[in-house]
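Worksheet: the structure to be examined is printed underneath.
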Amino acid sequence: MALAAASASAIAPAALASGEPGSHSRTGAAAMPSESAQETVLAEIQAAFLLLSDAESRGANVTSAAVDLNRALALASSGNQQSVSEAAAIVQGVRSSVPSLLAEGEAARYWGTVGLAAWLAALAAAGILVYLYTPKLVWRIWMRSKRRWTVSAQ
Amino acid sequence: MIDEEVRAVVLAVIVISAALSASQAMTAGRVAEAFSAIGILGPEMKIGDHPKTVIVGEPFNLYVYIENQEGRTMYYTVLAKVGNNSTAVNETAPAGLEPFAAYRSILAHGQNATIPVEISLASPAQNAKLIFELWAIGENGAYYTGRWNHLWMNVTSLP
């Protein structure tokens, strides 16, 4: 497999917004949704994706929602009316889950910060205790381990 | 004398542990080198078994593999275009051709997708350049990621 590599540049071709899914996804004409219905759902998916991106940048875990949105994308591209309607319902679900994802993300970030602060405070406290008590402890252990020694002076 | 040495050693261990813990916590989840990848697999989902010659109007199968290692969720669109040996495409500029198909996928960081595609080419050509460009959706619309694959093939008409 050839893997390409490089940086990014800009400009959107019209095809990106057109919703044309490619020949492989076309089905029978009777079940085809209108172009506008499919385009509407694709636009909704894009808007929902941008909401998820924003939530992710604010600490939310959006992996599960992204999987749902990808399923909606496959349904919207698959071509029939029922799939497009199902895709629209999934997108709606994803959009409505964003506030709770944001809340979870903010809570996770808060508790992560609290945990880090607690860990650093514990280390600082350990440093103080070590400074105060280590010599006493070391000498006590040393005395205990050498208590059978006899000392003679000449 | 030994009291000071013991204190210094143990305190040094604690300070180093604190610094390591803090740096680990602050860099956790960050991606050192963000990238997206695209690859084209042949009809058997293998590397290098791409068709060299196809017949006009007769569909053939390929697989488009995309992978997200950007450190965030991405919305990719792969645009398929047909050009020839004078069609330029590189890391900074996509081919100046109208796409004949678009394949979309939303991937969380670390995920990949293998998309089956069925293509049929409408007119005969020698050294046709079948191009797959990887685009992504951002806040300011779609942008070319600078990654693409292309296949060379001859498109022959039925005898």
State yes or no: is B:Asn68 touching a residue at least 40 places away in the same chain (Cβ under 8 Å), open to solvent by 60 Å² or more (accessible area, probe 1.4 Å) and at negative phi?
-> no
Qualifying position, being among the small types (Gly, Ala, Ser) and touching a strand residue (DSSP E or B) at 6+ places or on another chain (Cβ under 7 Å), among B:Gly57, B:Gly71, B:Gly42 = B:Gly42
What pairs can you find where one residue is in the stretch B:113-140 and of a type in the set (D, E, K, R), the other is in a loop (DSSP other than H, G, I, E, B), and their Cβ atoms are less than 6 Å apart, with a gap of 6+ or different chains?
-> B:Glu118/B:Pro59; B:Lys129/B:Asn84; B:Lys129/B:Thr87; B:Glu133/B:Pro94
Which of the residues spanning the stretch B:82-106 are surrounded by fewer than 18 Cβ atoms within 10 Å (Cβ to Cβ), more than 8 Å from chain A (Cβ to nearest Cβ) and of a type in the set (Val, Ile, Thr)?
-> B:Thr87
Breaking point among (1) more than 30 Å from B:Tyr75 (Cβ to Cβ); (2) within 10 Å of chain A (Cβ to nearest Cβ), for B:Thr53 = (2)
Among residues of the stretch B:107-128, those that are outside any loop (DSSP other than H, G, I, E, B), under 19 Å from the mean Cα position of the chain (by Cα) and crowded, with 17+ Cβ neighbours inside 10 Å, counted = 4
Please work out if B:Glu133 is open to solvent by 50 Å² or more (accessible area, probe 1.4 Å), among the acidic types (Asp, Glu), in contact with a Pro (Cβ under 8 Å, 6 or more places away or on another chain) and more than 21 Å from A:Asp54 (Cα to Cα).
-> no
Given the conditions (1) open to solvent by less than 90 Å² (accessible area, probe 1.4 Å); (2) in a helix (DSSP H, G or I); (3) in contact (Cβ under 8 Å) with a residue 12 or more places away in the chain; (4) not aromatic (Phe, Trp, Tyr), which single one is not true for A:Gly59?
-> (2)
The listed residue being out of contact with any helix residue (DSSP H, G or I) (no Cβ under 8 Å at 6 or more places or on another chain) and crowded, with 17+ Cβ neighbours inside 10 Å, out of A:Ser53, A:Ser77, A:Ser64 = A:Ser53
Any idea how many residues of the stretch B:71-81 are more than 7 Å from chain A (Cβ to nearest Cβ) and open to solvent by 10 Å² or more (accessible area, probe 1.4 Å)?
-> 1
Can we say A:Leu129 is within 22 Å of B:Ser21 (Cβ to Cβ), in a helix (DSSP H, G or I) and open to solvent by less than 60 Å² (accessible area, probe 1.4 Å)?
-> no
Among (1) modelled with pLDDT under 85; (2) farther than 27 Å from B:Arg72 by Cβ; (3) of a type outside the set (D, E, K, R), the one test that A:Ser77 misses | (2)
Take B:Gly110 and decide whether it is within 24 Å of A:Asp54 (Cβ to Cβ) and more than 7 Å from chain A (Cβ to nearest Cβ).
-> yes
Can you name every residue in the stretch B:26-44 that is outside any strand (DSSP E or B) and surrounded by 15 or more Cβ atoms within 10 Å (Cβ to Cβ)?
-> B:Gly42
Subset tally (residues that are closer than 19 Å to A:Ala124 by Cα and more than 7 Å from chain A (Cβ to nearest Cβ)) for the stretch B:16-35 = 6
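The values are calculated or read from the model by the stated rules, or taken from the named source; none is laboratory data. Since this is a predicted model, take the numbers as computed values, not measurements. Cβ sites come from the backbone with ideal geometry, for glycine too, and all protein chains shown count toward neighbours. Keep in mind that these areas ignore ligands, DNA and RNA; they rest on the heavy atoms of the full protein, side chains included. Shrake-Rupley method; radii C 1.70, N 1.55, O 1.52, S 1.80 Å.
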